[in-house]
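Written out below as structure tokens is the structure these notes cover.
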Amino acid sequence: AQSVSQHNHHVILSEAASLELGCNYSYGGTVNLFWYVQYPGQHLQLLLKYFSGDPLVKGIKGFEAEFIKSKFSFNLRKPSVQWSDTAEYFCAVNYYNTDKLIFGTGTRLQVFP
Amino acid sequence: GAVVSQHPSWVICKSGTSVKIECRSLDFQATTMFWYRQFPKQSLMLMATSNEGSKATYEQGVEKDKFLINHASLTLSTLTVTSAHPEDSSFYICSARDLQEKLFFGSGTQLSVL
């Protein structure tokens with residue numbers, strides 16, 4: 001079955017630490033990949049997406065993600081986190097020719113000053 | 001950027017009553033809207049795909065008679081939870097797709113059924 005796994009459920013970091021959140025998806029052919037963020041009290045927002053081309057994708061607020069096809073992974077990274085990055089992060093996959101977005105369970109990131 | 005308004009953000013109801021949740025695309029037309037639900041510590045699960053002017057397509061295991069979806073215009077889709085029971089308590093989120101195939105999410109509705 002098509003599925004998305006986020007292995008880190010809760011991550012706690014100090015400001016300026018580097019961040020990497022894992023995302024793996026099950027094989028199902030061509031995929032479009034997304035990272036969404038939900039800040040406390042706000043709605044889901046798109047951080048970045050990968051459709052094709054350069055597997056290293058840069059998004060808003062200094063985030064980037066790398067698509068590694070051989071590992072079925074799309075990990076999210078940020079070299080230096082800020083307190084304002086405290087939020088829930090969701091990885092999502094759209095398998096080609098389907099309407100569905102399949103979400104991971106989310107990773108809660110807490111950044112302490 | 002494009003905005004999707006979801007209302008109400010929070011609702012408490014008695015068991016057996018019906019609850020309607022609205023999802024509006026405020027500054028774009030959305031021929032397709034999606035309804036998700038999220039249980040605590042679980043991922044968002046797609047419930048149904050709503051297309052303007054036609055019947056919604058429900059995911060396997062979702063009762064279409066219980067979760068009524070209406071997409072009567074290009075800017076409004078509604079989800080009605082009929083005869084709600086405590087097990088229907090969940091976080092419901094809608095999303096709308098614009099003509100450029102971009103997805104925008106509502107802020108979600110927390111439903112608590114007593």
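Quick check: anything in the stretch B:73-86 part of a helix (DSSP H, G or I) and either over 21 Å from A:Leu101 (Cα atoms) or aliphatic (A, V, I, L, M) (or both)?
yes
Rundown of residues vs (1) under 19 Å from B:Ser25 (Cα atoms); (2) assigned to a loop (DSSP other than H, G, I, E, B); (3) free of Cβ contacts under 8 Å to residues at least 40 places away in the same chain; (4) not basic (Lys, Arg), yes/no style:
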position: B:Ile69; (1), (2), (3), (4): yes, no, yes, yes
position: B:Tyr92; (1), (2), (3), (4): yes, no, no, yes
position: B:Gln100; (1), (2), (3), (4): yes, yes, yes, yes
position: B:Ser107; (1), (2), (3), (4): yes, yes, no, yes
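Between residues in the stretch A:1-24 that are more than 21 Å from A:Ser84 (Cβ to Cβ) and residues that are assigned to a loop (DSSP other than H, G, I, E, B) and among the basic types (Lys, Arg), which pairs lie under 6 Å by C-beta distance while being six or more apart or on different chains?
Partner pairs satisfying both residue conditions: none exist.
Evaluate the following for B:Phe34: is it more than 14 Å from the chain's Cα centre (by Cα) and either away from every other protein chain (no Cβ under 11 Å) or buried (at least 17 other Cβ atoms within 10 Å of the Cβ) (or both)? Spell out the reasoning first.
Working: more than 14 Å from the chain's Cα centre (by Cα): no; either away from every other protein chain (no Cβ under 11 Å) or buried (at least 17 other Cβ atoms within 10 Å of the Cβ) (or both): yes.
No, not satisfied.
I'd like the full set of residues that are in contact with a Gly (Cβ under 9 Å, 6 or more places away or on another chain), surrounded by fewer than 23 Cβ atoms within 10 Å (Cβ to Cβ) and either within 12 Å of another protein chain (Cβ to nearest Cβ) or closer than 17 Å to A:Gly41 by Cα (or both), limited to the stretch B:68-101.
B:Phe91
Which ones in the stretch A:27-56 are aliphatic (A, V, I, L, M) and closer than 20 Å to B:Glu101 by Cα? So that I can check it myself, show each step before the final result.
Kept after step one, since they are aliphatic (A, V, I, L, M), are these residues of the stretch A:27-56: A:31, A:33, A:37, A:44, A:46-48, A:56.
Result: A:Val31, A:Leu33, A:Val37, A:Leu44, A:Leu46, A:Leu47, A:Leu48.
Of everything in the stretch B:1-31 that's within 12 Å of chain A (Cβ to nearest Cβ) and over 21 Å from B:Thr82 (Cα atoms), which residue is surrounded by the most Cβ atoms within 10 Å (Cβ to Cβ)?
B:Val4
Of all residues in the stretch A:2-40, which are at positive phi and of a type in the set (A, V, I, L, M, F, W, C)?
Across the stretch A:2-40, the qualifying residue is only A:Ala16.
Which residue is farthest from A:Ile102 (Cα to Cα), if the candidates are limited to the stretch B:51-67 and must be modelled with pLDDT of 90 or more and in a strand (DSSP E or B)? Reasoning before the result, please.
From the stretch B:51-67, those modelled with pLDDT of 90 or more are B:56-67; that's our starting set.
If we keep only those that are in a strand (DSSP E or B) too, we end up with B:57-58, B:67.
Working: B:Thr57: 16, B:Tyr58: 15, B:Phe67: 20 Å.
My answer is B:Phe67.
Taking A:Gly59 as meeting all but one of (1) in contact (Cβ under 8 Å) with a residue 24 or more places away in the chain; (2) in contact with an Asp or Glu (Cβ under 6 Å, 6 or more places away or on another chain); (3) under 24 Å from B:Glu101 (Cβ atoms), write down the number of the exception.
In the conditions (1) in contact (Cβ under 8 Å) with a residue 24 or more places away in the chain; (2) in contact with an Asp or Glu (Cβ under 6 Å, 6 or more places away or on another chain); (3) under 24 Å from B:Glu101 (Cβ atoms), A:Gly59 misses (2) alone.
Among (1) of a type outside the set (S, T, N, Q); (2) under 20 Å from B:Ala84 (Cβ atoms); (3) in a loop (DSSP other than H, G, I, E, B); (4) modelled with pLDDT of 90 or more, which single condition is B:Pro40 missing?
With (1) of a type outside the set (S, T, N, Q); (2) under 20 Å from B:Ala84 (Cβ atoms); (3) in a loop (DSSP other than H, G, I, E, B); (4) modelled with pLDDT of 90 or more applied to B:Pro40, the lone miss is (4).
Would you confirm, using the coordinates I've provided, whether A:Leu13 is more than 14 Å from chain B (Cβ to nearest Cβ), among the hydrophobic types (A, V, I, L, M, F, W, C), closer than 30 Å to B:Thr109 by Cα and in contact with a helix residue (DSSP H, G or I) (Cβ under 9 Å, 6 or more places away or on another chain)? Write out each step before concluding.
On the way: more than 14 Å from chain B (Cβ to nearest Cβ): yes; among the hydrophobic types (A, V, I, L, M, F, W, C): yes; closer than 30 Å to B:Thr109 by Cα: yes; in contact with a helix residue (DSSP H, G or I) (Cβ under 9 Å, 6 or more places away or on another chain): yes.
In short, yes.
Suppose we filter the stretch B:40-65 for residues that are surrounded by 13 or more Cβ atoms within 10 Å (Cβ to Cβ) and more than 10 Å from chain A (Cβ to nearest Cβ); how many remain?
Number satisfying all stated conditions: 8.
The values are calculated or read from the model by the stated rules, or taken from the named source; none is laboratory data. The shown structure was predicted, so the numbers you read here are calculated from the model rather than taken from an experiment. Note: ideal-geometry Cβ built from the backbone for every residue, glycine included; neighbour counts use all protein chains shown.
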